[in-house]
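Written out below as structure tokens is the structure these notes cover.
Derivation of every value follows stated rules applied to the coordinates shown; laboratory data play no part. In this text, all values refer to a predicted model and were calculated from it rather than measured experimentally. Neighbour counts are summed over all protein chains in view; Cβ atoms, including those assigned to glycine, are modelled from backbone coordinates with ideal geometry.
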Amino acid sequence: SEVAKAKKEGKSSSEAYRSSKVVADRLLTWGALLGVVLGGVQLLCLPLLKGFSPLPEVQEAARLPSIIGAMLQVINGVVFIGEGIQQGNQAFTSLAACTAVATVGMLTSLRLFGTSLAGVWGSFAVFNGIRLLGVLMLGVSHRLRSNRAHGDSSAHDSGKAQQLALVVHMGSP
């Protein structure tokens, strides 16, 4: 892990924590970039819908959900990495609360959008959009707290560096 490596090199807890934040940011960036790439590939594959059914009605019915799914790739890339970071930081309460709110949002949107294929995928977009907001809000609040705690070289060893280091293990193959 980045923290173990930093400790072995004699770096302070604050330096180790900053190093772990760099790794977490890199993972989130990769999640977003790969989401864009996968979403783009999925959009480029829209003409292949004809291969799944010769019926124009079926092809048309699958078009909008396929576009929604492609757009969700970007969100999912960040959400799944961000939730892994939350788990690595043992932020289980906020993760569970966000998932509960997202579930309520999805169930509410199912009533509004209906249970058609597009309605279900739209509701799934609401679900993951709320989860994205949760990941981003936790990340911002965690970063603000950690910057205060690790802002100067005399910052105390709060254990956050060790917790965030789990991100490195979770992100490694």
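Observations on the structure shown:
- Three-way shape label, the range 22-62, alpha-carbon gyration tensor, a/c 1.5: prolate
- The range 1-97: chymotrypsin sites (Phe, Trp or Tyr not before Pro) falling in loop per DSSP and having at most 15 other Cβ within 10 Å: Phe52
- Shape category assigned to the range 1-93 from the gyration tensor of Cα positions, a/c cut at 1.5: prolate
- Cα gyration tensor shape for the range 21-149, rounded if a/c is under 1.5, else prolate or oblate: oblate
- Within the range 1-128: Cβ-based charge dipole about Cα centre, in debye rounded to nearest 20 (Lys, Arg +1; Asp, Glu -1): 360 debye
- Integer Hz, Karplus 6.51/-1.76/1.60 couplings in order for the range 24-41, x for Gly and Pro: 4, 4, 5, 4, 5, 5, 4, x, 5, 5, 5, x, 5, 5, 5, x, x, 4
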